[in-house]
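The values are calculated or read from the model by the stated rules, or taken from the named source; none is laboratory data. These numbers were taken from a predicted model, which means no experiment stands behind them. Here the Cβ positions follow ideal geometry from the backbone for every residue, glycine too, while neighbour counts run over all protein chains shown. Calculation scope for accessible area: heavy atoms of the full protein, side chains included, ligands and nucleic acids excluded. Shrake-Rupley method; radii C 1.70, N 1.55, O 1.52, S 1.80 Å.
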Amino acid sequence: MTSFTLVSCSKSKQDGIHLARNLYQPSRNFRKRVEYAKEHSDDWGILSAEYGFLHPTEPIPDYERKISSRNDTWGAIVLQKLLPVLESRDVDGVTILAGAQYIDPIQTELEARGYEVHDPHAGLRPGERYSALCDALSPGEQKSLSEDF
């Protein structure tokens with residue numbers, strides 16, 4: 001089974017243009033989600049309130065948009081870029097490390113297309129999600145966040 005993890009963006013960003021994987025580095029939550037994704041899946045990407053789906057190596061400028069300000073087309077924008085990536089990598093399962101505002105617009109369509117969607121933090125509050133990520137990581141086997149993907 002080939003797995004793919006989607007991690008949500010964060011409010012904390014570096015100023016200027018950066019690779020997507022580096023733009024959100026000021027956020028400890030983002031760094032922990034990436035660490036989890038790299039340890040528990042074959043590949044990963046970012047769910048951005050502004051840009052939809054991002055590959056970690058895409059250069060993007062900083063922005064100020066919250067997921068709560070997105071309209072109903074956000075999920076379609078994500079799926080338009082995400083589905084070809086999942087198909088090209090022969091992905092079976094998608095783990096989403098994000099809140100419901102990121103998951104709800106895409107989960108039904110992913111499942112309808114045959115992907116097993118997993119939300120390991122369903123029902124947890126943001127602080128509880130961070131603690132769960134910390135608990136799930138193997139201290140001796142964590143990958144460096146600066147490691148190339």
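Suppose we keep only residues that are more than 14 Å from the chain's Cα centre (by Cα), modelled with pLDDT of 95 or more and of a type in the set (S, T, N, Q) within the stretch 52-90. Which one would you say is most open to solvent (accessible area, probe 1.4 Å)?
Going through the qualifying residues, I end up with Q80.
State all residues of the stretch 12-52 that are within 21 Å of D119 (Cα to Cα) and part of a strand (DSSP E or B); if no residue qualifies, say none.
D43, W44, G45, I46, L47, S48, G52
Residue by residue through the stretch 3-35, note down the ones that are open to solvent by 30 Å² or more (accessible area, probe 1.4 Å) and touching a helix residue (DSSP H, G or I) at 6+ places or on another chain (Cβ under 8 Å).
If the condition is that a residue be open to solvent by 30 Å² or more (accessible area, probe 1.4 Å) and touching a helix residue (DSSP H, G or I) at 6+ places or on another chain (Cβ under 8 Å), then S12, K13, Q14, R21, Q25, R28, N29, K32, R33 are the ones that fit.
Working carefully through the options W74, W44, find the one that is over 27 Å from A136 (Cβ atoms) and touching a residue at least 24 places away in the same chain (Cβ under 8 Å).
Working: W44 fails: over 27 Å from A136 (Cβ atoms).
Criteria check complete, one pass: W74.
When the residues of the stretch 91-117 are filtered to those that are β-branched (V, I, T) and either open to solvent by 20 Å² or more (accessible area, probe 1.4 Å) or free of Cβ contacts under 8 Å to residues at least 24 places away in the same chain (or both), which remaining residue is farthest from R28 (Cα to Cα)?
Filtering the stretch 91-117 down to residues β-branched (V, I, T) leaves 91, 94-96, 103, 106, 108, 117.
Checking which are either open to solvent by 20 Å² or more (accessible area, probe 1.4 Å) or free of Cβ contacts under 8 Å to residues at least 24 places away in the same chain (or both) leaves us with 95, 103, 108, 117.
Working: T95: 19, I103: 21, T108: 29, V117: 25 Å.
Step by step, filter the stretch 91-117, then rank; the result is T108.
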